[in-house]
Structure formats: structure tokens, C-alpha cells
Amino acid sequence: MTLFFSLFLTAMTAMSTEIMILLLIIALVGGVCITTIGPGGIFVTIALFALLPIGPSTVAGTASATFIATGVVGSLGYLRSGELKGKIAAKAAGVLSLTSVVGAFAGAQINTLLNASTFAVLLGLFVFFTGLLIMYRQKKQLKPDKRLKIDTLKGLTWLGGVGIAVGLPGGLLGVGGPVLAVPLMVVLGVPMLLSVALAQVQSIFISLMATVGYMIHGAVDWYLALFLTIPLLIGTISGWYLAQRIKASKLQVSLALVLIALGIYLMTGGATPGSV
């Protein structure tokens, strides 16, 4: 608690109490969403961009740094509950993670070339299409016979493709991995809880590599990152607990609608750094 209040006071020097409290709430809710349905950390990225007068690189770099710890905690949670146990899950997590690291580092370098307007449009497009992807999953309702067999070469190849597809935007926009990896894997036919579990492992690698990329340019606010990590971790642990006891279908639909609305808001210029 002493560390938390120390970080709070340090961060307070750069923003108002209202914004700090709002960021805390968003981080807590985002953490819950990370381990229940996957997408969740993206709310932190959006909040940093819209609420604080910082550039795209610092937004993405700081957000990426916060997702390292949530990925570790989320992975340990799903290892404990059994989704990540066994050679099949370990191999799938390895393929998914290792194919994403190059894209994550490259995305961090590309981000440094973007201005705020371009970053807002790209983030908005990403958020919008992620929402559509979740809605598609709910409408399609994949049957068991369409599930991807991740213990086959074909299944691992598909997971490698997901890793590549997720790594670049994850590093470029500072959105981690689960926000896109989970909907993609579920659409392919990977069971929901397993998709979330695998995405937790992948997010460690994406966030770590992206953070290193942003550190090279001095674009990580460590005080803010550590401050936000605390409510994110609380939410992540709570989300893992809830994921074992609730059906996430209604949460997915609600989240998809929110993401679609936020995507449109970002693309139409509704949010600029420190606009709120």
C-alpha cells in the first residue's frame, strides 16, 4: 500500500484527481475483462490517449509495460485451473508467442513515426474491427466439430498465423495480445477458456518486446505504468475467478458494442491527447 500511495502522489503531480480516479476504475475493469473474455487492456490504452496530454509512443509504451504483469498473473491463474497444463497447451502457447515477438518489436518502432491523428485513426480501426469480430463469433456460434485441433500441424500453423497477425498491431498500438488473439482463436474454433489462457502467455511476450522497443526511444512512463499495474492486477485476478463461474456470452456482446462505439469515436476525431 505504501508503494501504491507513493506512485499515486507521483502521478498526481501530472494530472487531476478526477482523471486519476477514472484511470484507476478503467484499469480495474480492463483487468477483469482481460481474464474473462480476453479484450480488456485496450481500455487502458484508449484512456491514456484520451485523458492525458502524452504522445502516441508514450501511450503505447506505457500501456505495453502494464500488460507484462497481467500476462504473468493471468498465465499462472490458467495454469492453476488446468487450461495451460500438458504438452499440447505448452506447444500451442510457445508457437503463438514466439511468432508474435518480431511483429511486436517492429510495431513499436513504426509507432514512433506516427502523429496523434494517425494513431487515433489506426487505434479506432483496430477497436472497431475487434468489436465486429467478437459480434461475428457470437452470431456464428461455432460448433464442436469446427474446433481447431491445436495438437496437429495444421492447428499449430494457424496459431502461428494468429501470432504474426497479433504481434504487429499489439506493439504498434500498445494493446497487448488478448484483445485480438482471443477473438481470432475463438473464430478459428479454439475453445473460449483455452483461447483466453493461451493469449495470456502470448501477451507476456508481446508486451515485453514492445516495451523494450519503446524504451529505446524513452517512451515509457514507469511511474504511470506501475501505478496502473496495481488495479489491472486486481482486476485480472478477479476476472480469472469469474471466468471459472460465469458464461461470458453476454459480456462479449456488451463488450463488442462498446468497442464498436469507441472505434467510431476515435476514427471521427472524438479523442485527442488530453481531450477529456
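General observations
- Counting only helices (runs of 4 or more DSSP H) wholly contained in region 89-184, the ones carrying 1 or more residues that are of a type in the set (Ser, Thr, Tyr) occupy 116-140, 153-173.
- Per-region count, region 75-110, residues touching a Phe, Trp or Tyr at 6+ places or on another chain (Cβ under 9 Å) and on the phi > 0 side of the Ramachandran plot: 0
- Every condition in (1) touching a residue at least 12 places away in the same chain (Cβ under 8 Å); (2) more than 29 Å from Ile21 (Cβ to Cβ) holds for Lys154 except the one numbered (1).
- Scanning region 40-63 for residues that are among the polar types (S, T, N, Q) and in contact with a Ser or Thr (Cβ under 6 Å, 6 or more places away or on another chain) yields one hit, Ser57.
- With respect to being under 17 Å from Val201 (Cα atoms) and over 13 Å from the mean Cα position of the chain (by Cα), Val182 falls outside the description.
- Residues satisfying the stated conditions in region 87-113, i.e. crowded, with 19+ Cβ neighbours inside 10 Å and of a type in the set (A, V, I, L, M, F, W, C): Ala89, Ala92, Ala93, Val95, Leu96, Val101, Ala104, Phe105, Ala108
The numbers here are math on the coordinates, done by the rules we state, and not lab data. Just so you know, these numbers come straight off a predicted model, no measurement behind them. We place every Cβ from the backbone using ideal geometry, glycine too, and count neighbours over all the protein chains shown.
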